[in-house]
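*Asks:* Have a look at the structure that comes next, please.
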Amino acid sequence: MITDIAGVIEQIRNTYLADERPWIVGYSGGKDSTAVLQMVYYMLKDLPPAKRHKTVHVVCNDTLVETPPIVEHMTKTLNAVAVRARKDELPIVTKKTIPPLKSRFFVKVIGRGYPAPTRVFRWCTDHMKIRPTNAYIKEQISQSGAVIIVIGTRRSESSQRARTIQHYQDLHGDGPLRPHGSLAGAYLYPPIQELELEDVWTYLLQVKPPWGKSNRDLWQLYGKAGGRDCPLVVDSTTQPCGSSRFGCWTCTVIRKDKSMEGLIDSGDDWMEPLLEYRDWLKEIREDKELRESKRRDGKKAPGPFTLLAREMMFRRLMEVEKEVDMELIPKEEKQEVQRLWELDGYDGPSVRTIEQQQKALVKIGIR
């Protein structure tokens, strides 16, 4: 059981040198995954070039509805790692995975009429997180035969994570690796699992990231948001985001988005329309008047949102998009929404027409 930073770094080095399996470092932009990424980077940099014998893939997942300051931080860091690794001649590859068009949040909700996710029907985790990331992992397994996924899971992060770690230790012993629950050829490696929160922050604030700047911005981001980060979700045993979190601004699984509220209260009040839209989606989710009386399989139960409800959601999203002055739903998703509406028999104004109507209303000051 390794409970100190020096011991963790030594174990990371020994585990890297032990075999030929490439590594996939899960990066989510949060403190734990940042600490792991930083340790792995310094380990590679300190190795003689001849011993940097296998590739390290730094992989993050962008659901395309991440809270804007979080995804901005994540993207900047990933780009900085890629640039610095080239200069340092390290075998690091960076990759951002995104959901395929059919699995994106607004395509599902506004296009297909899916109810916004709930704790019981948490379709977003599988469609938007697990599948896109696992597709990339499977590509690497097909090329190399096996991979090691390096994750920032810590025992003290939550009771659920502690139980999961203990379960795998009971099954597979105290070795650093454990088999992935569903991907043959993939092994999970949680190097900082025994570290405490204070250990992680002490390391991040005392040791500068090798790709430049400092981790003070990350510290300040946590201070403003008051939340914990969403891990890179690679299987169904990974604890998803909880009540105080970094993650999707559209998340309706949680009762209140304390992270968004914290960011808004700390000065990012431009995001208030995003929070209001999220709260509205949660509010209308169970409104039977806005849902079909049957599911798509014919079962008599609340089904997808009606076409009129979907049109209403799109209109309001266009309104929010203009209020915050940023693209929330890209062109290809709008086109897919239109296609799905037409498949369901929609004969109202096109998404393009609705978008132009909302632009005109905003231009003359009418919401």
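The values are calculated or read from the model by the stated rules, or taken from the named source; none is laboratory data. None of the values given here were measured: they were computed from a predicted structure. Cβ sites come from the backbone with ideal geometry, for glycine too, and all protein chains shown count toward neighbours.
*Asks:* Are any residues in the range 250-289 within 20 Å of E319 (Cβ to Cβ) and basic (K, R), and if so, which ones?
*Replies:* Of everything in the range 250-289, those that are within 20 Å of E319 (Cβ to Cβ) and basic (K, R) turn out to be R278, K282, R285.
*Asks:* Okay, next question. When only residues in the range 311-351 that are part of a helix (DSSP H, G or I) and of a type in the set (F, W, Y) count, which is nearest to R278 (Cα to Cα)?
*Replies:* Taking the candidates together, the pick is F314.
*Asks:* Is it true that some residue in the range 54-69 is among the β-branched types (V, I, T) and modelled with pLDDT under 95?
*Replies:* Scanning the range 54-69 turns up at least one residue that is among the β-branched types (V, I, T) and modelled with pLDDT under 95.
*Asks:* For the range 270-307, give me each residue that is in contact (Cβ under 8 Å) with a residue 12 or more places away in the chain, over 26 Å from T67 (Cα atoms) and part of a helix (DSSP H, G or I).
*Replies:* Those that are in contact (Cβ under 8 Å) with a residue 12 or more places away in the chain, over 26 Å from T67 (Cα atoms) and part of a helix (DSSP H, G or I): K288, L290, L307.
*Asks:* May I ask you to list the residues in the range 79-124 that are of a type in the set (F, W, Y) and without any contact (Cβ under 8 Å) to a residue 24 or more places away in the chain?
*Replies:* From the range 79-124, those of a type in the set (F, W, Y) are 105-106, 114, 121, 123; that's our starting set.
Once the filter is applied, which keeps residues that are of a type in the set (F, W, Y) and without any contact (Cβ under 8 Å) to a residue 24 or more places away in the chain, the range 79-124 yields F121, W123.
*Asks:* Output the residues belonging to the range 176-204 that are of a type in the set (S, T, N, Q), farther than 13 Å from G152 by Cβ and in contact with a Ser or Thr (Cβ under 9 Å, 6 or more places away or on another chain).
*Replies:* If the condition is that a residue be of a type in the set (S, T, N, Q), farther than 13 Å from G152 by Cβ and in contact with a Ser or Thr (Cβ under 9 Å, 6 or more places away or on another chain), then S182 is the only one that fits.
*Asks:* Based on what the data block shows, is L44 under 27 Å from G262 (Cα atoms), modelled with pLDDT of 95 or more and in contact with a helix residue (DSSP H, G or I) (Cβ under 8 Å, 6 or more places away or on another chain)?
*Replies:* In short, no.
*Asks:* Tell me, yes or no, whether the range 288-303 has at least one residue that is at pLDDT 90 or above, of a type outside the set (A, V, I, L, M) and in contact with a Leu (Cβ under 7 Å, 6 or more places away or on another chain).
*Replies:* no
*Asks:* Evaluate the range 244-260: report whether one residue or more is at pLDDT below 85, out of contact with any Cys (no Cβ under 6 Å at 6 or more places or on another chain) and part of a loop (DSSP other than H, G, I, E, B).
*Replies:* Within the range 244-260, one or more residues are at pLDDT below 85, out of contact with any Cys (no Cβ under 6 Å at 6 or more places or on another chain) and part of a loop (DSSP other than H, G, I, E, B).
*Asks:* Would you check which residues across the range 189-226 are modelled with pLDDT under 95 and among the basic types (K, R) and list them?
*Replies:* Once the filter is applied, which keeps residues that are modelled with pLDDT under 95 and among the basic types (K, R), the range 189-226 yields K213, R216, K224.
*Asks:* With respect to D19, is the statement that it is acidic (D, E), under 22 Å from V147 (Cβ atoms), assigned by TED's automatic domain parsing to the domain that holds Q143 and buried (at least 21 other Cβ atoms within 10 Å of the Cβ) true?
*Replies:* No, not satisfied.
Yes/no per residue for (1) among the aliphatic types (A, V, I, L, M); (2) surrounded by fewer than 12 Cβ atoms within 10 Å (Cβ to Cβ); (3) within 21 Å of V253 (Cα to Cα):
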{"position": "K299", "(1), (2), (3)": "no, yes, no"}
{"position": "L317", "(1), (2), (3)": "yes, no, yes"}
{"position": "E323", "(1), (2), (3)": "no, no, no"}
{"position": "P330", "(1), (2), (3)": "no, no, no"}
{"position": "E333", "(1), (2), (3)": "no, no, no"}
{"position": "L340", "(1), (2), (3)": "yes, no, no"}
{"position": "P349", "(1), (2), (3)": "no, no, no"}
{"position": "Q358", "(1), (2), (3)": "no, no, no"}
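Here's the yes/no breakdown for (1) within 18 Å of V93 (Cβ to Cβ); (2) in contact (Cβ under 8 Å) with a residue 40 or more places away in the chain; (3) charged (D, E, K, R):
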| residue | (1), (2), (3) |
| --- | --- |
| S28 | yes, yes, no |
| K31 | no, yes, yes |
| K45 | yes, yes, yes |
| P48 | no, no, no |
| H53 | yes, no, no |
| L64 | no, yes, no |
| P69 | no, yes, no |
| E72 | no, no, yes |
